[in-house]
Amino acid sequence: MTKRIDALGDLTPDPGNHNAGTERGAYLLEESIAQVGAGRSILADRDGVVLAGNKALQAAADAGLGVRVVRTDGHELVVVQRTDLALSGDDDERQRARRMAYFDNRTSEIGLSYDLDQIVIDLTEGVDLSVMFYQDELEELLAGLIEPQDDGGEQRERPSMPHYVVCPECGNEFVPSE
């Protein structure tokens, strides 16, 4: 059964969101909504838990925006069509449309700060991130949390990421069962 969503309050932020966010990113999202309005959709699961767009949800709630839900099973591209913006329109419309495009890209870039503990939890639970991260990228990202153990001077080759995990609490190295 799919939860009915009629207001932003019917949505639940993802308690395991891997994006801790940044202060500057939050500010930029607020400015984007204040200056040019909402331009992107967010993604919620059938229970109303936000999978993508948790920071946008907060900014939209702070701005008092309403909600319009589009239900899909992922086999359609959801298109948000802004009727008040046009690159072919008058100077104001064109300027706002261009700023919307910049806000969209820049808020994604500036607002991302990975929650490394959540990534370790997800890897431990078997979430496969290998398509999104090359092995060296994931190792670099988690360098402070995941280190190979020293076996008395003997170098061990560790398994390829993302299946190699070190517990941040005890430091034990393991490969989660599949």
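The values are calculated or read from the model by the stated rules, or taken from the named source; none is laboratory data. All values derive from a computational prediction rather than experimental measurement. We place every Cβ from the backbone using ideal geometry, glycine too, and count neighbours over all the protein chains shown.
Here are a few things to note about the model shown:
- Filter result for residue 63 (under 20 Å from the mean Cα position of the chain (by Cα), free of Cβ contacts under 8 Å to residues at least 60 places away in the same chain and surrounded by 10 or more Cβ atoms within 10 Å (Cβ to Cβ)): no
- Helices (runs of 4 or more DSSP H) wholly inside the stretch 84-167 containing at least 3 residues that are closer than 23 Å to residue 41 by Cα, aliphatic (A, V, I, L, M) and modelled with pLDDT of 90 or more: 91-110
- From the list 46, 40, 68, the one residue that fits, being in contact with a Ser or Thr (Cβ under 8 Å, 6 or more places away or on another chain), of a type in the set (Lys, Arg) and assigned by TED's automatic domain parsing to the domain that holds residue 98, is 46.
- Breaking point among (1) in the same structural domain as residue 37 (by TED's automatic domain parsing); (2) at pLDDT 90 or above, for residue 80: (2)
- Residue pairs whose Cβ atoms lie under 6 Å apart, sitting 6 or more positions apart in sequence or on different chains, and linking a residue in the stretch 101-119 that is of a type in the set (A, V, I, L, M, F, W, C) to a partner that is part of a helix (DSSP H, G or I) and surrounded by 17 or more Cβ atoms within 10 Å (Cβ to Cβ), are 103/32; 110/25; 110/28.
- One residue stands out among those in the stretch 8-31 that are in contact (Cβ under 8 Å) with a residue 60 or more places away in the chain and part of a helix (DSSP H, G or I): the one that is farthest from the chain's Cα centre (by Cα), which is 31.
- Considering residues of the stretch 39-53 that are touching a residue at least 40 places away in the same chain (Cβ under 8 Å) and under 20 Å from residue 85 (Cβ atoms) only, the residue surrounded by the most Cβ atoms within 10 Å (Cβ to Cβ): 39
- So residue 84, is it over 16 Å from the mean Cα position of the chain (by Cα), of a type outside the set (A, V, I, L, M, F, W, C) and loosely packed, with under 14 Cβ neighbours inside 10 Å: yes
- Failed criterion for residue 34 (all others in (1) aliphatic (A, V, I, L, M); (2) out of contact with any strand residue (DSSP E or B) (no Cβ under 8 Å at 6 or more places or on another chain); (3) in a loop (DSSP other than H, G, I, E, B) hold): (3)
- Those residues of the stretch 87-108 which are exposed (fewer than 13 other Cβ atoms within 10 Å of the Cβ) and either aliphatic (A, V, I, L, M) or outside the structural domain of residue 24 (by TED's automatic domain parsing) (or both), in sequence order: 87
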